[in-house]
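See structure below.
We did not get these values from a lab; they are worked out from the coordinates using the rules stated. These numbers were taken from a predicted model, which means no experiment stands behind them. Positions of Cβ are generated from backbone atoms using ideal geometry, with glycine treated the same way; all protein chains shown enter the neighbour counts.
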Amino acid sequence: MNKDNCFQLGYIAKVHGLHGEVTIVLDVDYPEAYEGIEHVFIDQKSRLVPFFLEYFDLQPNNKVLAKFEDYNTMDDAEKLVGSELYLPLTALEELGEDQYYFHELIGFEVVDASLGSIGEIKIIYDLQTQDLLGVDHKGKEVLIPIQDGIIQKVDKTAKKVYCQLPEGLLEIYLEE
């Protein structure tokens, strides 16, 4: 299993209690869709390793109280703190026609309402403060915020993202 075939479910935030339990912060819109999962993949030394769960109990605010098999002490659990959790892309829930996952947008063409075709989406930056489209425009990377008001529509069939760029955004990247 490699990261290209997976999505990040969340990360282990801290140890909880004395018996190997951990608190996990989920980075998903619908945490209830993952209730009852039996295993996750944890990034260890740039490899995804399967870890089996004894339990995975949803808590408020996208948090989970979990316990991994064979992790029975606070010291065992401490070794996992900060680790990223992954699941295969096949575990993603099917979305409606007007919904999309960020990873699906790679390769889509960005079309601005005023300027026309901007370029192809090469990467998605999933940052804590803001999500961004990394678009190749005339050989330069342009970062477009993924926000209502900027992203107008996504046409999955045509593989196009229609947007209304803020005035001057493109020019910032074209200046020498």
Check your understanding: Across bins of 10 angstrom width beginning at 0, how are the C-alpha pair distances of region 3-91 distributed, in whole percent?
Key -> 19, 56, 25, 1
Review point. Over the chain, what is the mean sequence separation of C-alpha contacts under 8 Å (at least six apart), divided by residue count, expressed as relative contact order in percent?
Key: 17
Review point. In a solvent-free Debye calculation with one equal scatterer on each Cα, what is log10 I(q)/I(0) for the chain at q = 0.19 Å⁻¹, listed in the order of the q values?
Key: -1.17
Practice item. Can you pull the one-decimal nm distance between simple spin-label points at Gln44 and Asp57, each 7 Å off the Cα toward Cβ? Key: 2.6
Check your understanding: Taking amide hydrogens as modeled 1.01 Å from N in the peptide plane, which residues meet the under 5 Å criterion relative to Asp112, leaving out close sequence neighbours?
Key -> Ser117, Ile118, Cys163
Study note, to complete from the structure: Check: C-alpha center region 76-106 vs C-alpha center region 5-26, spacing in Å is 14
Practice item. Decide, for region 104-172, between rounded, prolate and oblate: order the square roots of the alpha carbon gyration tensor eigenvalues as a ≥ b ≥ c, take rounded if a/c falls under 1.5, and otherwise choose prolate if a/b is larger than b/c, else oblate. Key: rounded
Exercise for review: For the chain, with a Gaussian network of springs between Cα atoms less than 10 Å apart, report the residue from Lys156, Lys140, Lys45 with the top mean-square fluctuation.
Suggested key: Lys45
Check your understanding: Of Ser83, Ile150, Leu174, which is farthest on the positive side of the dipole of the chain, counting Cα position, with +1 on Lys and Arg Cβ, -1 on Asp and Glu Cβ, and the Cα centre as origin?
Key -> Leu174
Point to revise | J(HN,Hα) series, region 73-86, from Karplus relation 6.51 cos²θ - 1.76 cosθ + 1.60, nearest Hz, glycine and proline x | key: 10, 4, 5, 4, 5, 4, 5, 8, 4, x, 6, 8, 9, 10
Study note, to complete from the structure: If the chain between Phe102 and Asn2 were fully extended at 0.36 nm per residue, the gain over the current Cα-Cα distance would be 34.2 nm
